[in-house]
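Trainee: Have a look at the structure that comes next, please.
The values are calculated or read from the model by the stated rules, or taken from the named source; none is laboratory data. Since we're looking at a predicted model, the values are computed, not measured. Positions of Cβ are generated from backbone atoms using ideal geometry, with glycine treated the same way; all protein chains shown enter the neighbour counts.
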């Protein structure tokens, strides 16, 4: 059973242009939603965890700037700007907060971004 | 801060070989430790987890034992198959709201028939 839907699945991004990603949660038993980036060397890095509608966070990492928004109980968004290197963004969901003993992350299929 | 170290970046084996992927961690207290597997074109998925010292996690013939003394959680499988070819990640989650889940760098396993 698919817990998460991500769109788009891939995108070519002209240098300097921002892109907006969406993640839809299919099962409310896993309300803690997060974004992870995976770089071209396959390194996974946690970006954000947002629980409540209206939550927003920003972060700048080498190669991209991020703005994450929890829009509703079932929708999480991510804006990626100033991207200089390709990467894959994964949405995840979890039954409890970071640090919980059973904080298994369920990963979505990912959105692959390539810089033009 | 918390960290996870996977020694092997790539491992190449033949079918029925024995597999070991080393994972060592650094964290305060008792973190929960995980092994995730990522098949080509997919997101990572949980293999198994362990939450306390000497606990063994296992799934699909893979196993690892939480060892607080050596701060290790090495992944082992007695006889690998070509279908096990994937990237394997060791990860930890600490009981601290300020600590994000940490993933190791990943180990790419290639199994030849």
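Trainee: From the set of residues in segment A:70-116 that are within 7 Å of chain B (Cβ to nearest Cβ) and part of a strand (DSSP E or B), which is modelled with the highest pLDDT?
Mentor: A:90
Trainee: Right, another one. Can you pull out the strands (runs of 3 or more DSSP E) entirely within segment A:7-52 that have at least 3 residues that are in contact with a strand residue (DSSP E or B) (Cβ under 7 Å, 6 or more places away or on another chain) and within 11 Å of another protein chain (Cβ to nearest Cβ)?
Mentor: Per the criteria, A:32-38, A:44-50.
Trainee: Which one of B:83, B:110, B:58 is away from every other protein chain (no Cβ under 12 Å), surrounded by fewer than 19 Cβ atoms within 10 Å (Cβ to Cβ) and either touching a helix residue (DSSP H, G or I) at 6+ places or on another chain (Cβ under 7 Å) or touching a residue at least 60 places away in the same chain (Cβ under 8 Å) (or both)? First the steps, then the outcome.
Mentor: Values: B:83 fails: either touching a helix residue (DSSP H, G or I) at 6+ places or on another chain (Cβ under 7 Å) or touching a residue at least 60 places away in the same chain (Cβ under 8 Å) (or both); B:58 fails: either touching a helix residue (DSSP H, G or I) at 6+ places or on another chain (Cβ under 7 Å) or touching a residue at least 60 places away in the same chain (Cβ under 8 Å) (or both).
Sole residue among the options that is away from every other protein chain (no Cβ under 12 Å), surrounded by fewer than 19 Cβ atoms within 10 Å (Cβ to Cβ) and either touching a helix residue (DSSP H, G or I) at 6+ places or on another chain (Cβ under 7 Å) or touching a residue at least 60 places away in the same chain (Cβ under 8 Å) (or both): B:110.
Trainee: Also, quick follow-up: Check off (1) assigned to a loop (DSSP other than H, G, I, E, B); (2) closer than 25 Å to residue A:95 by Cβ for residue B:92 and give me the number that stays unchecked.
Mentor: With respect to (1) assigned to a loop (DSSP other than H, G, I, E, B); (2) closer than 25 Å to residue A:95 by Cβ, residue B:92 is out only on (1).
Trainee: Still on this structure: Among the numbered criteria (1) modelled with pLDDT of 95 or more; (2) exposed (fewer than 14 other Cβ atoms within 10 Å of the Cβ), which single criterion is violated by residue B:98?
Mentor: With respect to (1) modelled with pLDDT of 95 or more; (2) exposed (fewer than 14 other Cβ atoms within 10 Å of the Cβ), residue B:98 is out only on (1).
Trainee: Check residue A:67 against each of (1) away from chain B (no Cβ under 13 Å); (2) free of Cβ contacts under 8 Å to residues at least 40 places away in the same chain; (3) buried (at least 18 other Cβ atoms within 10 Å of the Cβ) and name the one condition it does not meet.
Mentor: (3)
Trainee: Any residue in segment B:23-41 that is within 11 Å of another protein chain (Cβ to nearest Cβ), without any contact (Cβ under 8 Å) to a residue 40 or more places away in the chain and either closer than 25 Å to residue A:90 by Cβ or surrounded by 15 or more Cβ atoms within 10 Å (Cβ to Cβ) (or both)?
Mentor: yes
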